[in-house]
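Have a look at the structure below before the remarks.
The values are calculated or read from the model by the stated rules, or taken from the named source; none is laboratory data. Because the structure is a prediction, the values reported are computed rather than measured. Cβ atoms come from the backbone with ideal geometry, glycine included; neighbour counts cover every protein chain shown. Note: areas computed on protein heavy atoms with side chains; ligands, DNA, RNA excluded. Shrake-Rupley method; radii C 1.70, N 1.55, O 1.52, S 1.80 Å.
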Amino acid sequence: MRSQLRPPFRPRTALHLASIGLFSALYLAVPVHASAIDESVPTAEGLAQLELRASQAKPREQCFLYTELVHTMTEKAGKEIADGDTEKAAASLKKINLYAHLIHLNLANDTKRLKNAEMLMHHTTYRLAEYLHLVSGEDKASVQATLKQLDQVNDELLTQVFSH
């Protein structure tokens, strides 16, 4: 009587389930593009090299390189905020604002790696929004102003991505 209640074994179903499991494992093993973003805090020498590369780059490449600088400086500012070093964080935020302005100025010249720049800027604004919760008072207003500027740059990048 029991054998009549159980559905018959079907090798195709077992093979289908095994293949789903294999593809799921492979999918999870492959890194997602956004998770490949470097969130480490660079050395002063590394920052200087990146600044030099961005300032000397061809106009088509400057937008992405300045976006990398904004991201890198945001990670640096986040560490400074977490460490309670508000003076260094304020200086980093000023540099972020400067680089965001340079992105805005160079956006019309750039067509190379525009989507990558937009994705990195999106991630950067997300990270800065996380850091916003770590500050208070006067520092919070500075972070909010920087975040607002980065959101505007991100919107401009997204507009450019869709127009190309």
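Residue pairs, Cβ under 8 Å, 6 or more apart or interchain, first in the range 119-144 and under 13 Å from Ala77 (Cβ atoms), second open to solvent by 30 Å² or more (accessible area, probe 1.4 Å) and outside any helix (DSSP H, G or I). List them.
Arg127/Glu39
Please state which of the following conditions Lys79 fails to meet, knowing it meets all the rest: (1) modelled with pLDDT under 90; (2) under 30 Å from Leu107 (Cβ atoms).
It is condition (1) that Lys79 fails.
Is it true that some residue in the range 51-70 is open to solvent by less than 20 Å² (accessible area, probe 1.4 Å) and under 16 Å from Tyr131 (Cβ atoms)?
yes
Out of Gln62, Gln49, report the one residue that is of a type outside the set (A, V, I, L, M), part of a helix (DSSP H, G or I) and in contact (Cβ under 8 Å) with a residue 12 or more places away in the chain. Step through it out loud before you land on a result.
Numbers: Gln49 fails: in contact (Cβ under 8 Å) with a residue 12 or more places away in the chain.
Every option except Gln62 fails the conditions.
In the range 112-164, which residues are under 29 Å from Arg60 (Cα atoms), open to solvent by less than 70 Å² (accessible area, probe 1.4 Å), over 13 Å from the mean Cα position of the chain (by Cα) and polar (S, T, N, Q)?
Of everything in the range 112-164, those that are under 29 Å from Arg60 (Cα atoms), open to solvent by less than 70 Å² (accessible area, probe 1.4 Å), over 13 Å from the mean Cα position of the chain (by Cα) and polar (S, T, N, Q) turn out to be Thr146, Gln149, Gln160.
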